[in-house]
Amino acid sequence: MNIPLLDLKAQYASIKNEVNAAIGEVLESQHFILGPKVDECEKAIAAYSNCAHGIGVSSGSDALLACLMAENIGPGDEVITTSYTFFATAGAIARLGATPVFVDIDPNTYNIDVSQIAAKITKKTRVILPVHLFGQVADMDPIMNLAQEHGLVVIEDAAQAIGAEYKGRRAGSIGTYGCFSFFPSKNLGATGDAGMIVTNDAERAEKLRVLRGHGSKPKYYHQVVGGNFRLDAIHAAVVSAKLPHLDSWTAARQRNAKRYDQLFREAELPIGLPAVATNRHIFNQYVIRSTSRDPLQAFLKKKGVGSEVYYPVPMHLQDCFAYLGIRAGALPESERAARESLAIPVYPELNDSQARYVVESIGEFVGAAAPVPALSRT
Ligand SMILES: *Cc1c(COP(=O)(O)O)cnc(C)c1O
């Protein structure tokens, strides 16, 4: 059986007419830069996220960068974030000349360990940038309390978490800003690179709109230096066309996650399962742990099962951040996750027999003949 990590062709087949029509409308209008399709998408994503404002941008990476620019973050400033994330989170900070300050993760959720943030706050700290990894919102209450206490801005990296909830609040609506990515492998993917910032702050929203168009206001007059961070109309139209399906896709991912939980527990495999700590985990990824991760991945490949390591190297050990002087061993849970974690297929169209095949294949690898007690879900 051949099961990819993600099957975007299956999704496209189910909504082909709607997506093609949306793209066709933009082509007929020949209105490619901002305009009505971008406005519509911004309103829809803001509403979906329970936020007042949406600002369409060119990618999730540029969303993070623009938010940091809007706060005038630069050399001498420190931004606290997690070491276990996609590079864009840390890259946005470093590109502006600011210093990323990496915090270890909670090994159960893979999100920033909030108990370790306070110790990293200094006079130079300006921003806390939590990441809602794999589709689960970080523990935001303590983060917001610390931010309030120290006068810090909070930028949520919600690239993997559109529609996820924390205590009934949508990802992106809790901090000062929320950043989404519509990269094709995210739960709501565009037809290329695209992203969105949401905020409840009207002044900051306006600043971002200016920044995404080279800082121009009015046209050809620049009080600030921005960039070309605009969301393309074609991507906006596709995102708007797909948004009405997002909740059913999320429900299917959650169903698949539950099915895996059950199958793994029944098989009593020595595999670590994802912990659900908030009320709406949207499972952009279903990530298991194994102390024999690399051989397991090679075995699954032979069985035709797609998987991926998110992420093999934590940020504090990346060559480009060697100048920070953080040694191996400094953030042990991030380093352990980088050695043990493996994402397996959880995409909405994955069916029961495919999920069973994935679990059976993993069982075959670990030698399920002699059952071993399952790791606790903590
Ligand atoms: C995908 C992702 C980004 C960047 O989004 P792009 O649209 O690919 O630029 C940032 N942070 C995290 C955690 C991501 O997963």
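Scan the range 245-267 and give yes if some residue there is touching a strand residue (DSSP E or B) at 6+ places or on another chain (Cβ under 6 Å), crowded, with 18+ Cβ neighbours inside 10 Å and not in a helix (DSSP H, G or I), otherwise no.
No: zero hits.
Quick one: which residue in Val287, Val224, Val238 is of a type in the set (A, V, I, L, M, F, W, C), closer than 30 Å to Lys207 by Cα and in contact with a Leu (Cβ under 8 Å, 6 or more places away or on another chain)?
Sole residue among the options that is of a type in the set (A, V, I, L, M, F, W, C), closer than 30 Å to Lys207 by Cα and in contact with a Leu (Cβ under 8 Å, 6 or more places away or on another chain): Val224.
Give the residue, chosen from Asp193, Asp201, that is of a type in the set (D, E, K, R) and within 30 Å of Lys9 (Cα to Cα).
None of the others qualify; the one that does is Asp193.
Filter the range 1-13 for residues that are in contact (Cβ under 8 Å) with a residue 12 or more places away in the chain and in a helix (DSSP H, G or I); which is surrounded by the most Cβ atoms within 10 Å (Cβ to Cβ)?
Residue satisfying both the conditions and the ranking: Gln11.
I'd like the full set of residues that are assigned to a helix (DSSP H, G or I) and in contact with a Lys or Arg (Cβ under 9 Å, 6 or more places away or on another chain), limited to the range 207-234.
Hits for the range 207-234 are Arg209, Val210, Ala233, Ile234.
Applying the selection to the range 175-201, what residues are in a loop (DSSP other than H, G, I, E, B) and more than 16 Å from the ligand (Cβ to nearest atom)?
Thr176, Asn200, Asp201, listed by residue number.
Could you please find all residues in the range 299-322 being within 27 Å of Ala252 (Cα to Cα) and away from the ligand (no atom under 16 Å from the Cβ)?
Listed by number, the residues that qualify are Phe299, Leu300, Lys301, Lys302, Lys303, Gly304, Val305, Gly306, Ser307.
Quick note: the coordinates plus some simple rules give every number you see, no bench work behind them. Treat the numbers as computed from the prediction; the structure is a model and nothing was measured. When we count neighbours, we look across all protein chains shown, and the Cβ atoms used for this are built from the backbone with ideal geometry, even at glycine.
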